[in-house]
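The values are calculated or read from the model by the stated rules, or taken from the named source; none is laboratory data. Remember, predicted model here, so these are calculated numbers, not experimental data. Here Cβ is always computed from backbone atoms with ideal geometry, including for glycine, and neighbour counts include all displayed protein chains.
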Amino acid sequence: MTELEESIKQEISRLEDRAAEIEDLYIEFMSGVDTYKTESPFGGKAGPFWEVPSEELESIQRDVLQKYEIWYNSAFPLVKEYIPERVEDFTKLYNECTERLKLDNEASSNVQKVINKQNQDFDTQRSILQSISSKVSNDELRARKQISENVAQNELSRARLLFDENEIRAGGVIAGVALERYLLMLCENSKKDINYSYRDGVSTLAQKLYEADEIDSTTGKHLQHLADIRADCAHANEDDPERNNVRRLLEDVEDYVRGRKI
C-alpha cells in the first residue's frame, strides 16, 4: 500500500467514525420530535406539522447539524478529487439530509419513515466516500502497471537493437532484464501477499508466482526455459549462445510484456 493509499484510508476511517456518531445523534433527535394537526375552517392544510423541539432536542439538533456540516466539508474535497462524477449526487444528498435535520421538510406522522429515509441518504453518502479507497488503489495499480510495462518495453527495445547489431549475448541479457521487470510487476500487482525482492531473478520470481497461483505449471516451466537462455547469455561461456534461442527469448518476452501470454 502506497503512502497516498494509507493516508486516504485513514482519513476515510476517521470520517466513518464521525458518521456513526452523527447517525446516533439524528436518530435521537428525530425520534423525539412530535407532530401535530390543525383544523382549518377554510379547508387549508391541516397537517401534520412539526412541533417546535424542546430545549433538549434543540441542543441535539444544533449538535448534529454542526457535526454533519464538518463531516460534509471534510468529505467533499475527497469526493471532488477522486470521484468527481459523484459530486452532484453527494451534494444533493447533503441538501436533503440537512433539510430534514432542520425540519424544513414536509412533516410526517410516521417519524420512523423519515428516519429510514435519512439513513438511506446518509448511507449513500458514506458508501460514495468509502468507495474512494478502492478507486485510488485501482488508479495507483494501473499507473504502476503502465510504468512497469513502459520500462519493460524500453528494455526490450534495447535488447532487439543489440540483437540486430549482432550483440547476441548482450541482447539476451537485456531481454532477461525486461522479463524480470514484467514478473516483478505481476508480483507487485498481485492480490496475494508475495514475498519478493527486486534482486530475484526470472526463475525465483516465476516460482513465487506459481506458488501464489498467479501462473500455472506450464507457464512456470516456460519461464524457467527462458531463464536458462538468459543465464547462458550472462555467463562467460566459450561459445556464444545460440542465435535462434536468443531470438526466441526476445519474441517470448515481447509476448509476455504485451500480454499475449499468461
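General observations
- Looking only at the stretch 156-170, and only at residues there that are buried (at least 21 other Cβ atoms within 10 Å of the Cβ) and closer than 12 Å to Val253 by Cα, the one that is nearest to the chain's Cα centre (by Cα): Leu156
- Inter-residue pairs, beta-carbon under 8 Å, first surrounded by 17 or more Cβ atoms within 10 Å (Cβ to Cβ) and in the stretch 184-207, second modelled with pLDDT under 85 and assigned to a loop (DSSP other than H, G, I, E, B), 6+ apart: Leu184/Tyr198; Leu186/Ile262
- Residue in the stretch 211-222 that is of a type in the set (A, V, I, L, M, F, W, C), closer than 15 Å to Val257 by Cα, outside any helix (DSSP H, G or I) and without any contact (Cβ under 8 Å) to a residue 60 or more places away in the chain present: yes
- Within the stretch 89-100, the presence of a residue that is among the hydrophobic types (A, V, I, L, M, F, W, C), in contact with a Pro (Cβ under 8 Å, 6 or more places away or on another chain) and at pLDDT 95 or above is excluded.
- No other residue among Gln130, Gln112, Gln146, Gln125 is at pLDDT below 90 and under 30 Å from Tyr26 (Cα atoms) apart from Gln130.
- Restricting attention to the stretch 231-247 and to residues that are free of Cβ contacts under 8 Å to residues at least 24 places away in the same chain, assigned to a loop (DSSP other than H, G, I, E, B) and of a type outside the set (Asp, Glu), the residue that is surrounded by the fewest Cβ atoms within 10 Å (Cβ to Cβ) turns out to be Ala236.
- Flag for Asp228 being among the acidic types (Asp, Glu) and surrounded by fewer than 18 Cβ atoms within 10 Å (Cβ to Cβ): yes
- Within the stretch 85-120, being charged (D, E, K, R) and either more than 15 Å from Tyr68 (Cα to Cα) or in a helix (DSSP H, G or I) (or both) holds for Glu85, Arg86, Glu88, Asp89, Lys92, Glu96, Glu99, Arg100, Asp104, Glu106, Lys113, Lys117.
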